[in-house]
Amino acid sequence: MPDVSLYWFRDDLRLVDLPGLSAAASRGPVVPVYIRDTRLGGEWKIGGASQWWLHHSLDQLTRDLNTLGVPLILRSGDTQTILLQLAEEAGASQVYCSRQYQPWAGELERAIHDALEARGIALKRYPGTLLHEPEHISTGSGTPFKVFTPFWRACGKAPTPQPPIPVPSISAPAGAVASESLTDWGLLPQKPNWADGWETMWQPGEAAASIALTQFLQNHVQHYDHGRDVPSEPNTSRLSPYLRFGNISPRQVWHAAHAAKLDDPGVSPSIDKFLSEIGWREFCYHLLFHFPTMPDEAFNPKFTFFPWGEDLQRLKAWQTGQTGYPIVDAGMRELWQTGFMHNRVRMVVASFLTKHLLLHWRAGEAWFWDCLLDADLASNACSWQWVGGSGADAAPYFRIFNPVAQGEKFDKAGLYTRHWVPELAGLPDKYLHKPWEAPEATLAEANITLGQNYPHPIVDHKAAREAALSAYATLKDI
């Protein structure tokens with residue numbers, strides 16, 4: 001009798017550098033399965049934009065497996081129940097998977113382990129989504145790191161990540177196993193199709209991830225150290241959606257980046273900066289694993305008492321890119337139209353929400369969760385808390401971005417802003433990021449009527465800054 005295994009795909013939708021899949025294939029035939037369990041995660045179940053990426057990633061993974069003669073089995077429902085059913089249907093003696101780190105993941109994996117073990121079936125978990133397991137990186141006293149720089153320094157002293165492993169030789173068992181249809185899952189928007197045209201901007205899947213990494217390292221990384229802050233230029237990797245869904249592994253990125261340093265030592269500073277951003281992703285997972293309330297509760301308990309506002313009209317203006325601050329509006333429109341936002345602009349719009357509008361970081365976290373293709377629970381929660389001042393190693397709350405200065409510094413020529421806020425395209429650079437200061441004649445020449453085809457600022461920067469500092473001052477005696 002052949003030794004059949006299930007491989008349970010999760011956030012690792014690829015074939016290269018998948019230790020669990022390689023281990024399963026070494027035992028004998030494999031039944032790959034992806035389970036859509038809509039009850040997992042509660043309010044943090046996968047958002048709308050991420051469903052689009054998931055659909056196309058699963059479609060590509062199906063095609064890749066088909067070239068190997070192995071079908072991908074799709075099932076929806078309770079994860080534990082389905083794994084038990086599939087193991088019985090396929091005659092599997094073990095289930096392999098990559099580990100996850102979300103707050104509910106550990107309990108789920110333990111429950112599945114016990115249920116399978118009761119039937120004589122083993123659950124075997126492998127690393128696959130991080131460079132270092134959270135338990136392997138700790139302070140000298142054995143506690144979790146709460147500051148990024150010493151965390152990343154400790155990662156640098158840890159054993160070097162193993163080289164990526166190739167696609168294993170994989171075969172399917174003799175009997176057929178029933179699968180659901182990906183189309184029937186309804187992951188793609190229909191009426192309205194708010195993702196119309198995304199196929200021309202994004203190509204999800206493993207092959208596209210590899211191409212994106214190669215092109216970045218060959219053509220753009222040399223400008224990354226300084227150019228990563230300029231949203232109109234292609235100096236960032238745009239790998240985050242691929243990493244989120246495991247179309248590529250962090251080990252692949254790490255080793256490819258170090259190989260590029262050997263090929264051209266002159267790009268080392270930029271590559272080191274790029275790798276530190278991979279390190280930030282690691283840090284976020286480190287925090288989520290050790291502090292699982294991170295997505296919902298302020299890491300700094302003082303911020304539990306922060307006097308957040310609840311102005312739904314202001315929130316709507318922020319969500320729709322109608323704040324009257326051009327760089328903020330450009331970012332929010334880029335997000336809605338592409339499922340993505342440049343990282344510098346993410347910081348600007350997040351600072352604006354939490355410090356100019358005094359709206360809770362959780363409102364921004366929830367909006368990003370639904371709108372971002374790369375919506376990742378760890379990075380989303382930790383980054384929002386970082387900007388909001390309540391997180392681990394957070395930016396001080398009194399660090400309040402001036403949206404005009406940010407626009408003038410990082411979009412000096414206005415290419416990014418004019419693209420996403422075309423109603424301002426005719427304004428000269430001098431007034432692009434502060435149209436309310438433009439003379440009436442200049443506004444008329446650019447066909448702009450403030451309050452009609454572009455809004456007045458919904459808050460005054462100076463007054464908003466003073467209000468934010470006053471709100472922050474209420475925490476000092478806590």
State all residues of the range 120-151 that are outside the structural domain of Y242 (by TED's automatic domain parsing) and more than 27 Å from I248 (Cβ to Cβ); if no residue qualifies, say none.
G120, I121, A122
Answer from A212, A259, A207 - the residue that is part of a helix (DSSP H, G or I), more than 19 Å from R153 (Cα to Cα), among the hydrophobic types (A, V, I, L, M, F, W, C) and over 20 Å from the mean Cα position of the chain (by Cα):
A259
With Q252, Q218 as the choices, which residue is part of a helix (DSSP H, G or I), among the polar types (S, T, N, Q) and buried (at least 19 other Cβ atoms within 10 Å of the Cβ)?
Q252
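The rows are residues; the columns are (1) under 14 Å from the mean Cα position of the chain (by Cα); (2) among the hydroxyl-bearing types (S, T, Y); (3) surrounded by 19 or more Cβ atoms within 10 Å (Cβ to Cβ); (4) under 23 Å from D374 (Cα atoms).
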| position | (1), (2), (3), (4) |
| --- | --- |
| L40 | no, no, no, yes |
| E43 | no, no, no, yes |
| Q51 | yes, no, yes, yes |
| L54 | yes, no, yes, yes |
| D59 | no, no, no, yes |
| R63 | no, no, no, yes |
| N66 | no, no, no, no |
| G69 | no, no, no, no |
Within the range 340-421, helices (runs of 4 or more DSSP H) holding 3 or more residues that are within 19 Å of the chain's Cα centre (by Cα):
343-351, 361-371, 377-388
Scanning the range 427-459 for residues that are surrounded by 15 or more Cβ atoms within 10 Å (Cβ to Cβ) and small (G, A, S), the one farthest from H356 (Cα to Cα) turns out to be A446
Is it the case that the range 292-307 has a residue that's of a type in the set (A, V, I, L, M, F, W, C), under 24 Å from the mean Cα position of the chain (by Cα), surrounded by fewer than 19 Cβ atoms within 10 Å (Cβ to Cβ) and at pLDDT 95 or above?
no
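This table checks each residue for (1) under 24 Å from the mean Cα position of the chain (by Cα); (2) within 22 Å of L15 (Cβ to Cβ).
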residue	(1), (2)
A118	no, no
G128	yes, yes
V147	yes, no
W152	yes, no
A158	no, no
P164	yes, yes
S171	no, yes
T183	no, no
Please work out if A111 is in a helix (DSSP H, G or I) and within 29 Å of H258 (Cβ to Cβ).
no
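The values are calculated or read from the model by the stated rules, or taken from the named source; none is laboratory data. Note that the structure is a prediction, hence the values are computed from the model and not measured. So basically every Cβ, Gly included, is an ideal-geometry build from the backbone, and we count neighbours across all protein chains shown.
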